[in-house]
There are 2 protein chains.
Amino acid sequence: MNVLLCGDFGADERLRWQRALAVALPEAKWLDEAGARARPDAVQAAVVANPPPGSLQGLPQLRLIQSLWAGVDRLLDDSTLPAGVPVARMVDPAMNAAMAETALWAVLSLHRGFFEYARRQREAQWLAHKQRRANEVNVLVLGQGQMGRATAARLLQQGYTVMGWKRDGAPLTPLLGRAHIVINLLPLTPDTRGLLDAAFFAALPPKAAIVNLARGAHVIDADLLAALDSGRLRHAVLDVFRAEPLPGEHPFWLHPRVTVLPHAAAITDPRSAATVAAANLRAALAGQAVAHLVDRQRGY
Amino acid sequence: MNVLLCGDFGADERLRWQRALAVALPEAKWLDEAGARARPDAVQAAVVANPPPGSLQGLPQLRLIQSLWAGVDRLLDDSTLPAGVPVARMVDPAMNAAMAETALWAVLSLHRGFFEYARRQREAQWLAHKQRRANEVNVLVLGQGQMGRATAARLLQQGYTVMGWKRDGAPLTPLLGRAHIVINLLPLTPDTRGLLDAAFFAALPPKAAIVNLARGAHVIDADLLAALDSGRLRHAVLDVFRAEPLPGEHPFWLHPRVTVLPHAAAITDPRSAATVAAANLRAALAGQAVAHLVDRQRGY
């Protein structure tokens, strides 16, 4: 089996993936982009992590494009992506767990006021605030895919009052009106792009907080800043941004009510993800069913 | 039933307790310190929260001293505390849950590096670090009382590798050698005072972290600062201090590797604690068994 491995990872990260994939799929020969261009007829599958646009065209034997990342919005944006080849997202249990951990950390921080305590520490201010019980905090989870479900389950286990929403489900506005904390775990599609805008923030109760762990383009940055500055929103935890790395001059960096994370809420774990990818590659080449196929029309 | 209510709470806090206690124990008449001094023979029980030293002496009919706080070290330090009267600690399920939440938040923050991300945000530095799985993080919980057990259970539920220790249990040093994170939930007694000293920190693996949610006097501050400054300890989360409020000039406030909380890890919840106190007061006056009695010899 000849597999193209290409993406935007650094040298160390590429090495970790190569090692994990070699263990999970010892029968494969791995090609880089130059190798694939030299022998395009040989490439039977591709394992990719935001590959450079164009790198998957002109490979006539390609049977599967397996993404190492869960989000495939950038991959699908490549207009040269071969139309007839199935694309699979990564669904890695270790990454789902990492996402649920980050979401839980953000909820605990917001519920118990630990971001405020960090601000007060910088001013040497000793002041405790009131303590609410977990079941008095309403958390709305947007998105009911693998990560949304793992996150909702983790929060329920901790006693929070959890509401879920998905794009084709019940109307959003009534749920927003009851949400103290909103966690965004939606896929980025034409339908969800820019969903977190001024109208969205205005539908929340005063002093609500948002946690964006999905994609930067879900948020209208100027509307978010206005909602924070007016005091309508209490805090925003942001892991994803319209431009990444977040440009040094962006107001999010130094905003006292914004927590910036460097797209680190859930990093795919090569040890478990390589096993998932290997199973899919074997299935594809044997003509069997492939897991976590992307619906290109739907966008995820 | 005539009950003395006294302690170090502010006016608002006192009012919340009075309301909750009036609901839980409608048959009681509540006296303040002046009322008790005016009619010492009338006082049958006392509900206290770090009462001023001497305030419980000379009350010949006193049948129970019920603390509203879980820690009774300051109460027992009062040499005028009447010797023959039983003392009960507060064991409030809502407070145990709050303590477990704070411990879990601290562990998630340390495990996933969120304190480092906060430091990097202030420098507009975009840099993700490696992601470990929860079961790769060894957490040592010191203390196996109500709060230690609630915390250990919460961490186990999240997949952490949890070790427990109590004062009269297995030797501590071998456990310290494997601990990435130590959470202190011990009672303060002559045996545990100053336990977290230079030798304790030296027994930890490099880059370990400590979380002190018990009492400030468990820690030798100078030894902790030295261990942080040498890089042996990665971070300390401190909710309790030798002097509280923490004095404005104390080096903990601005130390980049110290998170200061204003003794807010777990605040007794009047709604549930008043019910616990009421049950104990009724039992004491009916000559029945009282729960959560303090062993004055042991110190908790």
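Each Lys and Arg adds +1 at its Cβ and each Asp and Glu adds -1 at its Cβ; summed about the Cα centre, the protein assembly as shown shows a dipole of about 820 debye.
Its Kirkwood hydrodynamic radius, worked out from the mean inverse distance over all distinct Cα pairs, puts chain B at 20.7 Å. Each residue was assigned an accessible area with a 1.4 Å probe, and for B:V290 the value is about 30 Å².
Rolling a 1.4 Å probe over the heavy atoms of the protein chains gives the protein assembly as shown an accessible area of 41 Å² per residue. Seen from A:R133, the other residues with C-beta closer than 14 Å to its C-beta sum to a net charge of 0, counting Lys and Arg as +1 and Asp and Glu as -1. Residues of chain B were split at every exposed loop site, defined as GluC sites (Glu not before Pro) in a DSSP loop with at most 13 other C-beta atoms within 10 angstrom, and the longest piece left, sites excluded, is B:124-248.
The accessible area of B:R271, taken with all protein chains in place and a 1.4 Å probe, comes to roughly 120 Å². Neighbouring Cβ atoms from other chains, within 10 Å of the Cβ of residues in B:97-105, number 4 on average.
Averaged across the residues of B:265-275, what count of C-beta atoms belonging to other chains lies within 10 Å of each residue's C-beta? Mean partner shielding for this stretch: 1. Candidate membrane-span-like segments in chain B, meaning DSSP H helices with Cα atoms spread over at least 24 Å of their own axis and a Kyte-Doolittle mean of 0.5 or above, are B:93-112, with no membrane implied. The lysine pair tally for the protein assembly as shown, using Cα distances under 26 Å and a gap of 8 or more places or different chains, is 4. Each Lys and Arg contributes +1 and each Asp and Glu -1, all at the Cβ; summed about the Cα centre of chain A, the dipole is approximately 860 debye. Applying D = kT/(6 pi eta Rh) to segment A:124-176, where Rh is the Kirkwood radius over alpha-carbon pairs, T corresponds to 37 °C and eta to 0.692 mPa s, the Stokes-Einstein value obtained is 259 µm²/s. Pairing chains A and B buries close to 4300 square angstrom of accessible surface in total, based on protein heavy atoms and a 1.4 angstrom probe. Database remark: amide H of A:T259 closer than 5 angstrom to the amide H of A:A236, A:V237, A:L238 (H placed geometrically; neighbours at sequence offset of 5 or more, or on other chains; Pro and chain starts carry no H). When B:Q18 is represented by a point 7 angstrom out along its Cα-to-C-beta vector, the spacings to that point in the other copies are 7.4 nm, nearest first. Among B:L204, B:L25, B:L15, the residue with the largest mean-square fluctuation in a Gaussian network model of chain B, with springs joining Cα atoms closer than 10 Å, is B:L15. Summarise the accessible area of the protein assembly as shown (1.4 Å probe, protein heavy atoms) by the percent that is carbon and sulfur. The value for the protein assembly as shown is 53 percent carbon and sulfur by accessible area. Projecting the Cα atoms of B:A217, B:V139, A:G169 onto the charge dipole of the protein assembly as shown, computed from C-beta unit charges around the Cα centre, puts A:G169 farthest toward the positive end.
For chain A, what does -39500 (n - 2.57) per DSSP helix run (n ≥ 4), summed and divided by total residues, give at 222 nm, in deg cm²/dmol to the nearest 500?
Result for chain A, helices only: -9500 deg cm²/dmol.
The charge dipole of segment B:95-260, taken about its Cα centre with unit charges on the Cβ atoms of Lys, Arg (+1), Asp and Glu (-1) only, comes to about 580 debye. A dipole drawn for the protein assembly as shown from +1 and -1 charges on Cβ atoms has a positive end, and of A:G113, B:G148, B:A284 the residue lying farthest that way is B:A284. Taking every alpha-carbon pair in segment B:95-260 and binning the separations at 5 Å intervals from zero gives 2, 9, 18, 22, 22, 16, 8, 3, 1, 0 percent. Computed with a 1.4 Å probe over protein heavy atoms only, the accessible area of B:T259 comes to about 20 Å². Evaluating kT/(6 pi eta Rh) at 10 °C and 1.306 mPa s, with the Kirkwood radius of the protein assembly as shown over Cα pairs in the Stokes-Einstein relation, gives 59 µm² s⁻¹.
For B:A42, the point set 7 Å out from Cα toward Cβ sits 9.7 nm from its twins in the other copies, listed from shortest up.
Each copy carries A:R298; placing its label point 7 Å along the C-beta direction from Cα gives inter-copy distances of 5.7 nm, listed from smallest up. Enclosing the Cα atoms of segment B:1-155 in their convex hull gives a volume equal to 157 cubic angstrom per residue. Using all Cα-Cα distances in segment A:96-184, what percent lands in each 5 angstrom bin from 0 up to the longest? Distribution as computed: 3, 14, 23, 21, 16, 11, 7, 4, 1, 0 percent.
The mean number of partner chain beta-carbon atoms within 10 angstrom of a residue's beta-carbon across peptide B:61-67 is 0.
The values are calculated or read from the model by the stated rules, or taken from the named source; none is laboratory data. Since we're looking at a predicted model, the values are computed, not measured. Here the Cβ is made from the backbone with ideal geometry for all residues, glycine too, and neighbour counts use every protein chain on show. Ligands, DNA and RNA are stripped out before the accessible areas are found, and what is left, the full protein with its side chains, is counted by its heavy atoms. Shrake-Rupley method; radii C 1.70, N 1.55, O 1.52, S 1.80 Å.
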